[in-house]
Amino acid sequence: MNATITAIGGFVPTSILSNETISETVDTTVEWIEKRTGIKERRLATSKDQATSDLACAAIENLLQNYDVDRKEIDCVLLATTTPDHLLTPTASKVCEISGLTNAFGLDLNAACSGFLYALEMATTMIESGRYKKVIVVGADKMSSIVDYEDRNTCILFGDGAGAVLLEETESEYGVMKSILRTDGSGTSALLVPAGGSKFPTNMNTIMNRDHYIKQEGAFVFKKAVESMSSVSQDVLASNDLSVEDIDWVVPHQANLRIINAVSESLNIGIEKVKVNIDRYGNTTSATIPLCLWDFAADFSVGQNILITTFGAGFSWGATCIKWGVMRKRVPEKSSKNDSKSEYALVH
């Protein structure tokens with residue numbers, strides 16, 4: 001029994017934060033940002049009451065409506081996120097409620113930028129066990145809630161968004177292949193939000209020191225990301241008896257265009273095979289992989305081999321291969337003009 005992706009959904013907020021706007025608030029230039037990161041703009045959830053759960057629900061709604069999926073048949077929702085609505089209660093619980101997934105249980109998973117890949121592996125094993133038939137995996141992050149827009153080293157990188165996939169069982173050869181996941185806790189201090197957890201609870205000093213925002217050692221993280229994504233990609237190809245020539249598409253974590261290009265060069269895979277949307281969305285953390293799958297789904301053909309690789313805080317990283325399978329038939333685009341959930345009805 002294999003687990004295969006049969007439906008995809010995505011959502012990005014409508015508000016755009018451009019390089020021009022950032023260059024007016026911190027000491028940087030449009031040219032510097034684009035040259036160093038490849039990012040031209042990013043989307044932000046600017047509404048005060050729009051949380052990660054809302055982004056996730058919008059992506060799920062896009063999936064459910066576009067592929068006419070029965071909500072009652074969903075067994076589980078795995079939500080990969082670094083920015084939960086609250087420290088205490090799982091965001092997945094709210095997502096299940098809002099999305100009307102009354103027969104599903106929900107679970108949050110935090111592996112930073114590798115979160116979606118980790119959750120995809122968990123969902124795959126759930127399907128392969130035969131105990132679950134339909135699992136939705138969501139990657140969603142409202143990174144603007146933890147970005148310091150006075151820090152030019154981090155505020156240029158991140159955006160908000162969400163992507164979701166439906167995994168179902170199949171007896172065909174298609175689906176998620178073997179994955180390799182890795183963790184190295186010694187890299188924790190190089191990329192983290194220092195305060196707000198049990199180690200450094202919120203107090204006046206942590207607020208004054210701006211310790212509730214992302215802190216990053218950029219050069220060190222860059223080097224580790226290239227090394228780790230390149231190495232684990234080679235390992236996962238070998239574990240699946242695949243060569244570089246067998247790969248039709250690469251879907252890498254969208255952290256920095258220079259990282260993506262360096263990994264592509266290391267693997268000797270032409271950049272024309274690499275899917276990139278960081279220029280439009282920035283780094284959406286847990287959402288980068290599913291948003292790429294959503295963005296470029298029309299390019300994937302049945303039987304093609306897709307290599308996915310990620311790297312994030314923790315340090316967490318990994319890779320998997322997917323033999324693209326048969327998707328559910330898309331339904332005609334629905335008008336959202338009088339839909340009470342029109343805020344979620346971004347059809348791609």
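Exactly one residue among Thr91, Thr82 is open to solvent by 20 Å² or more (accessible area, probe 1.4 Å) and either at positive phi or touching a helix residue (DSSP H, G or I) at 6+ places or on another chain (Cβ under 6 Å) (or both), and that residue is Thr82.
With respect to (1) open to solvent by 10 Å² or more (accessible area, probe 1.4 Å); (2) out of contact with any Cys (no Cβ under 6 Å at 6 or more places or on another chain), the lone exception for Ile260 is condition (1). Selection of the range 124-154 for residues being surrounded by 24 or more Cβ atoms within 10 Å (Cβ to Cβ), touching a Phe, Trp or Tyr at 6+ places or on another chain (Cβ under 9 Å) and either among the charged types (D, E, K, R) or assigned to a helix (DSSP H, G or I) (or both) yields Asp141, Met143. Test Tyr174 against the criterion of being free of Cβ contacts under 8 Å to residues at least 60 places away in the same chain, closer than 28 Å to Cys321 by Cβ and surrounded by 15 or more Cβ atoms within 10 Å (Cβ to Cβ), and give yes or no. For Tyr174, the condition - free of Cβ contacts under 8 Å to residues at least 60 places away in the same chain, closer than 28 Å to Cys321 by Cβ and surrounded by 15 or more Cβ atoms within 10 Å (Cβ to Cβ) - is not met. Within the range 246-283, the set of residues being without any contact (Cβ under 8 Å) to a residue 24 or more places away in the chain and out of contact with any Asp or Glu (no Cβ under 8 Å at 6 or more places or on another chain) comprises Asn261, Ser264, Glu265, Gly270, Ile271, Glu272.
Taking the range 1-112 as the region of interest, the strands (runs of 3 or more DSSP E) fully inside it that hold 3 or more residues being in contact (Cβ under 8 Å) with a residue 24 or more places away in the chain and under 19 Å from Gln254 (Cα atoms) are 2-11, 41-44. Among the residues of the range 48-79, those that are of a type in the set (Asp, Glu) and open to solvent by 10 Å² or more (accessible area, probe 1.4 Å) comprise Asp49, Asp54, Asp68, Asp70, Glu73, Asp75.
The values are calculated or read from the model by the stated rules, or taken from the named source; none is laboratory data. Bear in mind the structure is a predicted one, so any value in this text is a computation, not a measurement. Here the Cβ is made from the backbone with ideal geometry for all residues, glycine too, and neighbour counts use every protein chain on show. Accessible surface areas use protein heavy atoms only, side chains included; no ligands, DNA or RNA. Shrake-Rupley method; radii C 1.70, N 1.55, O 1.52, S 1.80 Å.
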